[in-house]
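The values are calculated or read from the model by the stated rules, or taken from the named source; none is laboratory data. Values in this document were obtained by computation on a predicted structure and should not be read as measured data. Side chains included, ligands, DNA and RNA excluded: accessible areas come from the protein's heavy atoms. Shrake-Rupley method; radii C 1.70, N 1.55, O 1.52, S 1.80 Å.
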Amino acid sequence: MKTYKYVLACCLVLIVAMGCAKQDEKQAALERETAIAAAKVEQAEADLQAARQAELEYTYTQKAEFVTRMKAELAEMQAEMDRLNGKVDRTTGATRAEARKQLAAVRAQWTEAKRQLDLAESADESSWDKVRAGFKSAYLDLKKSYDNTRQWLSDKIEP
């Protein structure tokens, strides 16, 4: 009888150990999947940034197309900022004050990008590369700030 209890206890210990090992395997698999997903997101963000920069690489002969496309992008951004401003107006407290401050900073960057685009529109062939580079820098700063502000507002206003 004692041997039977001893064998039963050993079997129970073995079953528990096997269950723990399976849990560890599941946890390790989940961690691997999470790491892979994070790497994919990081790569997608890098690809998106490269695509944004590539779309700003227009030659002087493509100036009209460039200006038209960027005006449309800036107009879209302005409409979205107006929509976000309406949401901010419906909030109260510290969130409202901080959101207004962030939107004001984005609008200032938008104004600078618009100014740079106006310069690009009137640029001649000799100044095109310099003016385009100025717009590109202003636009990328604006886009980063705009995306960060939209995300912050989304987190704070519509959690």
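Cross-link reach is defined here as a Cα-Cα straight distance under 14 Å, omitting same-chain residues fewer than 8 places apart; for K143 the aspartates and glutamates meeting it are E45, E55, E73, E76, E80, E112. Couplings 3J(HN,Hα) of the stretch 121-137, computed from phi: 5, 9, 6, 9, 4, 6, 9, 4, 4, 5, 5, 4, 5, x, 5, 4, 4 Hz, in residue order, whole Hz [Karplus 6.51 cos²θ - 1.76 cosθ + 1.60, θ = phi - 60°; x for Gly and Pro]. Of the solvent-accessible surface of the stretch 69-134, computed with a 1.4 Å probe and all protein chains present, 51% belongs to carbon and sulfur.
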